[in-house]
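Trainee: Provided herewith is a single structure, encoded as structure tokens, for subsequent inquiry.
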Amino acid sequence: MIERPLREGVAVRPVRPDDMAALVAMCDEHARHEGTPYRRAGKARALSKALFAATPRVHGWVADAAGELVGYATAAPEFSTWQGGEFLHMDCLFVREGWRGHGTGAALLQAVGDCARRCGCAQIQWQTPAWNEDAARFYRRAGAVEKPRRRFFLPVA
């Protein structure tokens, strides 16, 4: 795992219900960073339902800089037939421009890792766009091993 001091005044904590507007704004920013369309409509409600259910579908963390949210990560348990067990799928890890390179991403990744251990998962898996070399370098420095894959989407009507 990357060992880098977190910028002073930044704390990583679980997402709270009052973070939804800022979280949706960061999701939008993340999508634009990846060149993907994003519709904000209904997202706060859908995310709240998944994050704060009696049995949450997804876990989430934010990097909080004195009340300003500057990054987030989300992850959900998945099952691997090949491994015969659960792993934690990290769906998103995003740090806003200007906050990168100061340990914020590493602290968010650490929160995901802590959750994986609590859930009894031996592994975290995720993907990043092939063009995002900065992210790939970050993940390699953290000790991650990449595996070439293709990602497919099949719309279900």
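Trainee: Run through every distinct alpha carbon pair of segment 31-116 and return the Kirkwood hydrodynamic radius in angstroms, one decimal place.
Mentor: Values: mean 1/r = 0.0695 Å⁻¹.
It is 14.4 Å.
Trainee: Of the peptides 91-103, 144-156, how do they stack up when ordered by the mean number of other Cβ atoms within 10 Å, highest first?
Mentor: Working: 91-103: 17.0, 144-156: 6.5.
Ranked from most to least packed, the peptides come out as 91-103, 144-156.
Trainee: Please report Thr81, Thr128 as a ranked list, fewest other C-beta atoms within 10 angstrom at the top and most at the bottom.
Mentor: Ascending number of Cβ neighbours within 10 Å: Thr81, Thr128.
Trainee: Could I ask something else about it? How much of the DSSP bridge set in the chain is antiparallel, in percent, rounded to the nearest 5?
Mentor: Values: 22 of 24 bridges.
Looking only at bridges with both residues in the chain, the antiparallel portion is about 90 percent.
Trainee: With n ≥ 4 as the cut-off for DSSP H runs, can you work out [θ] at 222 nm for the chain, using -39500 (n - 2.57) per run divided by the number of residues, rounded to the nearest 500?
Mentor: -9000 deg cm²/dmol
Trainee: Please label the shape of the chain as rounded, prolate or oblate, based on the square roots a ≥ b ≥ c of the eigenvalues of the alpha-carbon gyration tensor (a/c under 1.5 means rounded; beyond that, a/b larger than b/c means prolate, else oblate).
Mentor: rounded
Throughout, read-outs are computed from the coordinates displayed, never taken from laboratory work. If you're wondering where the values come from, they're calculated on a predicted model, not measured in any experiment. Positions of Cβ are backbone-derived with ideal geometry, glycine not excepted, and every protein chain shown enters the neighbour counts.
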